[in-house]
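Just below is one structure, and these are the notes that go with it.
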Amino acid sequence: MGSNRGRILDIDLAKRSSKTTHIKDDLLRKFVGGSGLAARLFLDRVPPNADPLSGKNILFLMAGPLSGTRFPTSSRLVAAFKSPLTGIWGQGSCGGDSAAQLKAAGYDGVAISGSSKKPVYILVEDDRVEIKDASDIWGKDTYETTQILKKRHGAKADILEIGPAGENLVKFASIMNGEWGSISRCGGGAVMGSKKLKALVLRGTGKVEPALPEEFEKVRKAVLEKIKQSVVTQALTAAGTAMGVEVNAITGVLPVKNYTVGDGSYLAPKLSGNTISAQYLTRPHACFTCPIACKRTVKVAEGPYRVGEGPGPQYETVCAFGSLMLIDHLAAVIRLGEMANRYGMDTISCGATIAFAMECFEKGLITTRDLRGDHLRWGNPEDVLAIMAKIAYRQGFGDILAEGSRSAARRIGNGAERFTVEVKGLEFALYDVRGSHGHGLGFVMSNRGACHVASEIGKIESSWTVWPEIGVTGGYDPKADAGKGELNVICENVAMLSNATTMCQFALMSMAITELAEALKAATGFDYTLDEIMQCGARIWMLQRGLNNLMGITSADDRMPERILTPHTEGGAAGSVPDIKLMLKDYYRYRGLRPDGRPSQARLRSLGLSPLAAKLQSCNLAAGVQTPPGIQCDPYPDRVPPQKPVKKSENHKKRPAPY
Ligand code: SF4
């Protein structure tokens with residue numbers, strides 16, 4: 001069998017039942033694992049018109065073929081679901097130990113369907129699966145929840161939990177992994193909240209053995225050595241991912257004041273990874289089997305924003321609560337990051353939505369009356385702390401912002417949409433892509449919306465690595481457009497592999513894709529080649545695109561926000577905007593998409609996606625199809641689910657925001 005378990009743990013919260021489903025080798029080989037296997041199971045199990053906050057939505061928590069082995073950085077756990085924020089394919093991932101624990105318990109993934117009437121948590125200890133009462137932890141923040149469950153189930157237990165934001169169905173609520181990790185994007189925390197699922201506790205004692213131990217050990221050692229020697233590793237260990245703050249300020253990629261300012265060089269030294277290390281770092285922190293240790297342990301010992309020793313902010317959080325809002329007080333940024341984690345909210349979408357609201361406030365579209373006496377001033381951490389609590393508990397104007405920036409802009413009106421920076425309803429990851437055009441194309445074509453891990457092209461444009469064996473030879477001008485379509489297709493296919501094998505993308509910067517093929521072959525026993533795994537990447541991307549087509553996505557959704565198409569007059573990217581039309585034309589041709597943004601039946605069949613082709617055909621969404629729609633495919637023509645009035649739980653009424 002090798003490193004794959006060939007088993008998915010199916011849990012139905014409505015029926016309070018669980019069972020094991022066996023997955024055939026053919027499916028594992030073609031869809032690899034992680035987000036690839038999740039997408040294939042999603043196709044069979046989740047109706048395209050499912051309400052994301054209903055029991056019909058399924059939360060997939062998936063490990064990959066390298067999880068649980070000693071392969072470096074094979075730590076990530078993927079969550080996949082229909083996103084309540086965007087109404088389309090949603091996914092996120094975290095590092096830590098959870099993927100390894102899941103594999104050690106004997107599963108490649110967990111699929112959670114149905115909704116419980118009362119708060120529950122799930123305990124998985126090897127073959128023992130229990131659905132337990134969570135009424136005593138419902139309402140607790142994520143740190144408190146972690147501590148209680150670790151005390152109850154042992155320090156080695158791995159916890160995936162939600163905070164008040166998930167309970168209150170904030171559309172960008174995250175699933176936290178203890179205190180250290182976060183499955184942030186697309187609102188997986190709200191999906192858990194809608195199922196009344198407070199947490200999962202994972203413990204496994206089994207061993208994950210590669211199919212070909214000697215070959216596996218050989219490639220593992222070679223890759224480990226390369227990662228240790230890499231300059232990227234040295235930089236990440238020393239300064240964490242926030243090392244990117246200073247570099248991006250030089251190239252014009254650092255987002256400043258809701259993407260309205262092009263030169264963030266005056267902010268960068270105050271917020272950089274080096275400054276975090278110099279002032280607040282107590283030690284680096286690493287995920288399972290990771291020699292890089294990009295995570296930060298920090299402590300703010302004094303001042304108004306004291307934070308006890310614990311997880312520090314990564315690049316995205318520093319930008320979201322720093323440069324994007326003009327906050328240059330690093331301790332305040334650390335505190336804001338901690339609070340977002342305690343509430344259980346995606347720091348990217350939370351920060352971006354608040355920065356959008358700050359611009360609305362500055363321009364008079366939101367007033368202090370709307371905010372019931374509060375303010376939303378640029379550079380003011382107290383204003384952000386106040387609105388963040390109101391978002392988490394859906395109080396006052398926080399209830400509107402809790403829907404995300406696209407929905408909030410529609411509610412605010414008066415042209416507020418011009419201040420949103422999102423694709424397909426997902427707020428931009430923190431890169432001003434006027435300084436990195438291919439990266440911008442990656443955001444536009446990402447299947448979950450504007451995302452920095454759906455394509456490796458941003459790192460390739462920044463010259464972090466080359467992969468000549470797959471045609472990525474380097475020397476790309478980040479502000480050029482020609483050739484970026486083809487490059488992005490390749491870089492997306494690699495990212496699909498990273499999310500399917502559940503390897504950290506930082507390790508891929510130090511190794512060859514050929515080595516990834518060798519590792520997968522030795523781990524699984526499938527005689528994978530480089531060509532075959534790249535085909536797997538292409539298949540997974542197209543499957544997720546097809547799922548999105550079933551949920552209503554067309555070429556009209558592949559668009560760059562208006563703001564990004566307006567050039568800056570200052571900074572490293574002054575005068576530069578992506579030529580998105582040119583890049584999309586190139587991209588569509590290489591990807592094999594028709595002008596309407598859907599794949600042809602022939603393309604789907606060549607990728608081994610006949611079941612998807614049949615579903616698209618039954619929805620009349622494929623080329624040359626005469627069949628009338630067999631199922632309702634797109635209940636939300638604008639992809640944003642209708643806003644339901646939020647039912648405030650008894651618990652909610654009793655508990656005021658504690659922060
Ligand atoms: S590089 Fe960072 S995110 Fe990646 S596995 Fe290592 S510690 Fe985790």
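The values are calculated or read from the model by the stated rules, or taken from the named source; none is laboratory data. All values reported here derive from a predicted model rather than from experimental measurement. Using ideal geometry, Cβ is built from the backbone for each residue, glycine included, and neighbour counts are taken over all protein chains shown. The area values use the complete protein model at the heavy-atom level, side chains included, leaving out ligands, DNA and RNA. Shrake-Rupley method; radii C 1.70, N 1.55, O 1.52, S 1.80 Å.
Laid out as a table, the results:
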{"item": "Cβ-based net charge around residue 285, under 10 Å, with every Lys or Arg adding one and every Asp or Glu removing one", "result": "+3"}
{"item": "Inter-centroid distance (Cα atoms) of segment 444-486 relative to segment 375-409, Å", "result": "34 Å"}
{"item": "Cα-based shape type of the chain, given that a ≥ b ≥ c are square roots of the gyration tensor eigenvalues and the cut on a/c is 1.5", "result": "rounded"}
{"item": "For segment 392-405, 3J(HN,Hα) per residue [Karplus equation, 6.51 cos²θ - 1.76 cosθ + 1.60, θ = phi - 60°, Hz, x = Gly/Pro]", "result": "4, 9, 6, 9, x, 5, x, 5, 6, 5, 5, 8, x, 5"}
{"item": "About the Cα centre, charge dipole magnitude for segment 210-328 (Lys/Arg +1, Asp/Glu -1 at Cβ), debye", "result": "180 debye"}
{"item": "Shape category assigned to segment 78-142 from the gyration tensor of Cα positions, a/c cut at 1.5", "result": "oblate"}
{"item": "Positive-end extreme of charge dipole, the chain - chosen from 216, 612, 497 (charges on Cβ)", "result": "612"}
{"item": "Of 333, 441, 549, farthest towards positive along the dipole that unit charges on Lys, Arg, Asp, Glu beta carbons give the chain", "result": "549"}
{"item": "Pairwise centroid distance, computed over Cα atoms, of segment 1-40 with segment 102-160, Å", "result": "19 Å"}
{"item": "Dipole moment magnitude, nearest 20 debye, the chain about Cα centre, only Lys, Arg, Asp, Glu C-beta charged", "result": "1780 debye"}
{"item": "Per residue accessible area in Å² of the chain, where ligands, DNA and RNA are left out and the probe is 1.4 Å", "result": "34 Å²"}
{"item": "Lys/Arg +1, Asp/Glu -1 at C-beta; the chain dipole; positive extreme among 116, 99, 522", "result": "116"}
{"item": "Charge tally in the Cβ shell below 10 Å around residue 528, where Lys, Arg are +1 and Asp, Glu are -1, residue 528 excluded", "result": "-2"}
{"item": "Global geometry of segment 213-327, whether rounded, prolate or oblate, following the gyration tensor of its Cα atoms and the 1.5 cut on a/c", "result": "oblate"}
{"item": "Rounded Å value of the spacing that divides the Cα centres of segment 201-237 and segment 574-610", "result": "35 Å"}
{"item": "Simple spin-label estimate for residue 382 and residue 16 in nanometres, 7 Å along Cα-Cβ", "result": "4.9 nm"}
{"item": "Potential lengthening between residue 270 and residue 217 on full extension [0.36 nm per residue; Cα-Cα distance subtracted]", "result": "14.8 nm"}
{"item": "Accessible surface of the chain [probe 1.4 Å, protein heavy atoms]: carbon and sulfur percent", "result": "51 percent"}
{"item": "Proximal charge balance of residue 93 [Cβ under 12 Å; K/R count +1, D/E count -1]", "result": "+3"}
{"item": "Longest segment of the chain lacking GluC sites (Glu not before Pro) that sit in a DSSP loop with at most 16 other Cβ atoms within 10 Å", "result": "1-301"}
{"item": "Loop chymotrypsin sites (Phe, Trp or Tyr not before Pro), segment 203-309, which have at most 13 other Cβ atoms in a 10 Å radius of their Cβ (DSSP)", "result": "266"}
{"item": "With eigenvalues of the C-alpha gyration tensor scaled by 5 and rooted, segment 399-535, Å", "result": "33, 18, 10"}
